[in-house]
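Undergrad: Got a structure for you, questions after.
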Amino acid sequence: MKHVVLLRGINVGGINIKMVDLRAALTSAGFDDVRTILATGNVVLESTLRAPEVKKSVEKVLSATFGYEAWVIVLDETALKSIIESYPFDAERDGWHPYVIFGNDADHLREVTGIADTLDPELESLAPGHRVVYWEVVRGHTTDSRVGKFLAKAKYKPTTTTRNLRTLVKMLA
C-alpha cells in the first residue's frame with residue numbers, strides 16, 4: 001500500500017536532513033519505493049504495514065538515524081486525494097497560499113478550527129475538514145498571521161504539520 005508520510009519540523013529550525021539520507025534510512029528500514037518531494041519532509045513510500053505501524057516505524061528510524069524526537073503524520077494515497085479534492089477555498093487565488101493543516105490529535109485540530117471566527121478574512125480563513133483543517137492566508141503572512149502564531153505553540157509541535165496544497169498535489173504525481 002502507498003503511504004504519504006509528512007515529517008514535522010525538518011530543514012527548518014535546526015533539524016537538517018538531506019533527502020538522499022532520508023530515503024536511504026527508510027529504504028534500509030524495509031520500506032519500498034521511497035521518494036521525497038521537496039526538502040521539507042514529504043515522503044511517499046510503499047509498505048504492507050498499516051498507517052499506525054508505518055508512523056511508529058518511521059518515527060523510530062528517524063530518531064535513531066538522525067538523533068531527534070521525530071513526529072510524523074501518515075495517511076494513505078486515497079485519503080490524500082480526498083483531502084485535496086475537498087479543499088474549500090480557491091486554491092489558485094492570486095496572492096494567497098492554500099494550506100492544509102494535518103494533525104493526529106482531534107482535540108488540537110478542533111482548537112485550531114475554534115479560532116476561525118476571530119480571524120481577519122482579509123488576511124486568512126479556516127475551514128474544518130475530515131481529520132484536517134483547511135487554511136488560506138495572504139502570501140507573505142504565513143508565520144505572522146493569527147493561525148501561524150497559534151500553530152507555533154509548543155503544544156501543537158508533536159501533533160500538527162502544515163503543507164501547501166500544491167506540494168500535496170505533487171505527492172500524488
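Undergrad: Residue under question is A25, and the condition is that it be surrounded by 13 or more Cβ atoms within 10 Å (Cβ to Cβ), among the hydrophobic types (A, V, I, L, M, F, W, C) and in contact with an Asp or Glu (Cβ under 6 Å, 6 or more places away or on another chain); does it hold?
TA: no
Undergrad: Among the residues of the stretch 158-173, write down those that are farther than 15 Å from T113 by Cα and outside any strand (DSSP E or B).
TA: Hits for the stretch 158-173 are P158, L165, R166, T167, L168, V169, K170, M171, L172, A173.
Undergrad: Can I ask one more? Would you point out which residue out of R23, R50, R93 is assigned by TED's automatic domain parsing to the domain that holds G129 and free of Cβ contacts under 8 Å to residues at least 60 places away in the same chain?
TA: R93
Undergrad: Taking the stretch 39-64, which residues are among the polar types (S, T, N, Q), surrounded by fewer than 16 Cβ atoms within 10 Å (Cβ to Cβ) and part of a helix (DSSP H, G or I)?
TA: Across the stretch 39-64, the qualifying residue is only S63.
Undergrad: What number goes with the only condition from (1) at pLDDT 95 or above; (2) surrounded by fewer than 21 Cβ atoms within 10 Å (Cβ to Cβ) that N16 does not pass?
TA: Result: N16 passes all but (1).
Undergrad: Additional query: Tally time: how many residues in the stretch 107-130 are over 12 Å from R146 (Cα atoms), within 16 Å of the chain's Cα centre (by Cα) and of a type in the set (A, V, I, L, M, F, W, C)?
TA: Summing the residues that are over 12 Å from R146 (Cα atoms), within 16 Å of the chain's Cα centre (by Cα) and of a type in the set (A, V, I, L, M, F, W, C) in the stretch 107-130 gives 1.
The values are calculated or read from the model by the stated rules, or taken from the named source; none is laboratory data. Everything numeric in this text was worked out from a predicted model, so none of it was measured. All Cβ positions, glycine included, derive from the backbone under ideal geometry; neighbour counts span all protein chains shown.
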